[in-house]
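Q: Quick one: the structure is below, questions incoming.
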Amino acid sequence: MSLTLFNAFLILIPLLLLVLFLYSLRYLKKARQLKEQMKQSEMGFVVDTFHELVAKLKEKERELEQLRKRAEERAEDVVSYSDHIIESVPSGVVSFDSQLRITRLNSSALKILGIEEGDFTGRSYEELFDEPLKGLIEKKDVVKRAEYLYRTRRGERWLGLTISPLYNSKRERIGKVLIFSDLTELKSLERQVRLREWLSSLGEVSLGIAHELRNPMAVITGYSKLLKKDAKESQQAVIEAIMGEIKSMDRIINDFLSFAKPVQPEPEVVDLKDLVQEILQVQVEGKEGIKVEAELKSCVLNTDPVLLKQAVSNLVRNALEAMEGEGILRVGLRCGEDRAELFVEDTGGGIDEEIKEKIFLPFFTTKDEGTGLGLSIVHKNITTLGGNIRVESKKGLTRFTVEIPV
């Protein structure tokens, strides 16, 4: 019995082991499946998380790109705005790097210097400027409100300028900047105002002198006429000479009175073109050696025709005398919205630079004959009418330019 049970147990043991093995395989398979599922689940989480992060990064990248574009647009707007400001100012602006190469040049600088448009970026300051500006740019780091007479390609100009160091955003010095303005017209106006004040004072003295001279001259004239009636034939020539000199003195006195006498303009409507044509016709008539080149446009002014005619007549007479009977007289007239511009140009000997500032002074003359009051009267009349006059001259060419308010 016992043997039978033992044998049966021996038989069951393999069966039980087989069953356990089969169950183990089943659970092992399930465990693997579960592990695989867990692994797949973890991988899916990782993948999903990765995709989510990538999506967020792309979104941030797009936002950063938009911010970058906005920043660039703002920077471009700031630069463009600065460019517009620099281009709009009437002053010349030139910037240089640490090697004094030009980094920026606005159009006003080119206009003042009389230089045609071109690309000057990267070029040395020596290619654009002459003395004294060249020396200032090279040697001076700071110049405050200085004024210099500078010869440009359009002639001599008075320039008011400043030189300052140029810094970047980190306050590091990277060069210097030159800012300058054309003061030529302002200087001319200042000179004319000073001259007008001086002429006014001198005119009062001249008026008194002229009146004091006129009385004895009238007496001398009267006695000369009496002498002529009773004088012998041989004495007539001497008396004629005396009377001729008296007439010359009388003309000089009249010029004194014309210059010294206070004038109150009496404006009326005048066509300056007709007035100039009349003057040319009278003064150039009979002068065969003079060629007239006139370019006159109709210009109607509200001004004093007597003062203006006297001024223009003196200018034309002065030009004809400068050419000594042979040359070209050029007269031009154009009318703007608020001012008329008239120029009288001759091909005479020209005016020396050292006396150019003196030509409007009374009694100053380089001629053997004359009172030296012709151009003084021109200056007085033009300034009385609210205008101004300037002169440009070189050897063989002189031009007077008059501006009168319309």
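The values are calculated or read from the model by the stated rules, or taken from the named source; none is laboratory data. Since this is a predicted model, take the numbers as computed values, not measurements. Neighbour counts run over all protein chains shown; Cβ positions are idealised from the backbone, glycine included.
Q: Taking strands (runs of 3 or more DSSP E) that fall entirely within the range 292-354, which contain at least 2 residues that are in contact with a Pro (Cβ under 6 Å, 6 or more places away or on another chain)?
A: Hits in the range 292-354: 300-303.
Every residue, every condition in (1) among the aromatic types (Phe, Trp, Tyr); (2) more than 30 Å from GLY336 (Cα to Cα); (3) in contact with a His (Cβ under 9 Å, 6 or more places away or on another chain); (4) in contact (Cβ under 8 Å) with a residue 40 or more places away in the chain, yes or no:
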site	(1), (2), (3), (4)
VAL270	no, no, no, no
GLN277	no, no, no, no
VAL284	no, no, no, yes
LYS287	no, yes, no, no
PRO305	no, no, no, no
ALA311	no, no, yes, yes
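Q: With respect to GLY122, determine if the residue is surrounded by fewer than 15 Cβ atoms within 10 Å (Cβ to Cβ) and farther than 16 Å from SER181 by Cα.
A: Answer is yes for this residue.
Q: Which one is modelled with the lowest pLDDT, of the residues in the range 170-190 that are surrounded by 13 or more Cβ atoms within 10 Å (Cβ to Cβ) and more than 20 Å from the chain's Cα centre (by Cα)?
A: My answer is ILE174.
Q: Just to be sure I understand, how many residues within the range 378-394 are among the aliphatic types (A, V, I, L, M) and without any contact (Cβ under 8 Å) to a residue 60 or more places away in the chain?
A: Result for the range 378-394: 1.
Q: For the range 103-135, name all the residues that are among the aromatic types (Phe, Trp, Tyr) and either in contact with a Lys or Arg (Cβ under 9 Å, 6 or more places away or on another chain) or farther than 20 Å from PRO165 by Cβ (or both).
A: Listed by number, the residues that qualify are PHE120, TYR125.
Q: Next up: Please pick out the residue among LEU329, LEU257 that is without any contact (Cβ under 8 Å) to a residue 60 or more places away in the chain and outside the structural domain of THR384 (by TED's automatic domain parsing).
A: LEU257
Q: Moving to a separate point now. I'd like the residue in the range 224-267 that is closer than 24 Å to VAL316 by Cβ and part of a loop (DSSP other than H, G, I, E, B) and, out of all such residues, is modelled with the lowest pLDDT.
A: LYS261
Q: Next up: As an exercise: evaluate SER376 against (1) more than 28 Å from the chain's Cα centre (by Cα); (2) assigned to a helix (DSSP H, G or I); (3) within 25 Å of GLU156 (Cα to Cα); (4) at pLDDT 85 or above and give the number of the one condition it does not meet.
A: It is condition (4) that SER376 fails.
Q: Given the conditions (1) over 29 Å from VAL193 (Cα atoms); (2) more than 34 Å from the chain's Cα centre (by Cα), report the number of the one that GLU293 does not fulfil.
A: Result: GLU293 fails condition (2) only.
Q: Same structure again: When VAL270 is evaluated against the numbered criteria (1) in a helix (DSSP H, G or I); (2) touching a helix residue (DSSP H, G or I) at 6+ places or on another chain (Cβ under 7 Å), which criterion, by number, is the only one it fails?
A: (1)
Q: Now for a different question. If a residue must be within 14 Å of GLN99 (Cβ to Cβ) and loosely packed, with under 14 Cβ neighbours inside 10 Å, how many such residues does the range 125-137 contain? Explain how you work it out, then say what you get.
A: So the first thing to find is which residues in the range 125-137 are within 14 Å of GLN99 (Cβ to Cβ), and the list is 125-127, 137.
Remaining after also requiring loosely packed, with under 14 Cβ neighbours inside 10 Å: 126-127.
Summing the residues that are within 14 Å of GLN99 (Cβ to Cβ) and loosely packed, with under 14 Cβ neighbours inside 10 Å in the range 125-137 gives 2.
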